[in-house]
Amino acid sequence: MYNFIQRFSGVASFAMTTLMALVVVISLTTPLIPSAPTQTLTLHSVHTTTGRKMDTYDVDSKNAEYARLTFDLDADLTSMFNWNTKLLYAFITVDYLSTDFSTNTIVIWDRLVRNKKQAKLKLKKHHNKYLLRNFAKTFEGISEANMTLHVNPVPYLGIMYDTPLESIGVVIPRATAPAEKK
């Protein structure tokens with residue numbers, strides 16, 4: 001009645017349809033799994049400097065202002081790991097409004113958390129990993145900023161989503177001019 005190829009085709013199409021339905025259910029329900037990470041982000045100080053050549057390919061970097069932040073981070077992200085979590089991408093951003101651009105978001109620190117053993121982050125008096133510099137070469141006119149801890153769970157199957165955990169206010173002072181050499 002049916003030959004081997006027709007039977008194999010019917011079984012394979014049923015298996016693929018079932019597998020695709022399972023993939024859709026997994027990708028839609030993974031963000032709904034509850035997690036309760038605990039975190040504390042504390043800012044100690046913000047220092048701005050100018051007059052240093054930081055980037056060899058940027059001719060204007062010698063005249064630009066740079067901010068160096070000192071912060072503490074105490075976070076327990078183990079509850080964000082589940083059966084569909086490959087790793088967590090944790091990062092800290094500084095967001096501020098300026099006259100040149102409506103919204104500026106700069107990543108100042110990041111870390112890949114690959115398993116539950118690495119999910120407890122304890123940083124004491126840590127400095128920003130990446131430069132904090134405005135496109136206008138100065139922080140003039142920037143009255144307030146927000147420093148935010150984000151965590152992106154990277155799933156084995158499904159979509160990535162951003163989870164902002166904690167945000168604190170930051171005041172970026174103007175840099176003092178370097179002393180002129182005689």
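Rounded to the nearest 500, the helix-only mean residue ellipticity at 222 nm of the chain stands at -5000 deg cm²/dmol, with each DSSP H run of n ≥ 4 adding -39,500 (n - 2.57). Highest-first packing order for the peptide set 12-21, 100-109 is 100-109, 12-21, based on the mean count of other beta carbon atoms within 10 Å.
Enumerate the residues in segment 100-121 having an amide nitrogen under 20 Å from the point lying 7 Å beyond the Cα of Ser79 toward its Cβ. Residues 113-121 qualify, since their backbone N sits under 20 Å from the label point. For the chain, the longest principal axis of the alpha carbon atoms and the long axis of helix 4-29 meet at an angle near 40°. Heavy-atom accessible area with a 1.4 Å probe sorts Tyr66, Tyr89, largest first, into Tyr89, Tyr66.
Couplings for segment 144-152, taken from phi via the Karplus curve 6.51 cos²θ - 1.76 cosθ + 1.60 with θ = phi - 60°, read 8, 9, 10, 9, 10, 8, 10, 9, 10 Hz in order; Gly and Pro are left as x.
Taking every lysine pair in the chain that is 8 or more places apart or spans two chains, those with Cα atoms closer than 18 Å amount to 9. Seen from Ala136, the other residues with C-beta closer than 15 Å to its C-beta sum to a net charge of -2, counting Lys and Arg as +1 and Asp and Glu as -1. Each Lys and Arg Cβ is given +1 and each Asp and Glu Cβ -1; about its Cα centre, the chain then shows a dipole of about 800 debye. When log10 I(q)/I(0) by the Debye sum over Cα atoms at q = 0.11, 0.17 Å⁻¹ is calculated for this entry, the matching label among (i) -0.50, -1.18; (ii) -0.63, -1.08; (iii) -0.50, -1.05 is (ii). In sequence order, segment 57-65 has phi-based couplings of 9, 10, 6, 8, 5, 5, 9, 8, 8 Hz under the Karplus curve 6.51 cos²θ - 1.76 cosθ + 1.60, θ = phi - 60°, and Gly or Pro positions carry x.
Taking the protein heavy atoms of the chain in the context of the full set of protein chains, the accessible area attributed to carbon and sulfur is 60 percent at 1.4 Å. Over all other residues within a Cβ to Cβ distance under 9 Å of Asp74, the charged ones net out to +1, with Lys and Arg as +1 and Asp and Glu as -1. Rolling a 1.4 angstrom probe over the protein heavy atoms with all chains in place gives segment 1-155 an accessible area of 62 Å² per residue.
The values are calculated or read from the model by the stated rules, or taken from the named source; none is laboratory data. Bear in mind that the values here come from a model prediction, so they are computed numbers and not experimental data. Heads up, the Cβs are rebuilt from the backbone with ideal geometry, glycines too, and the neighbour counts pull from every protein chain shown. Accessible surface is based on the protein model in full, side chains and every heavy atom, while ligands, DNA and RNA are left aside. Shrake-Rupley method; radii C 1.70, N 1.55, O 1.52, S 1.80 Å.
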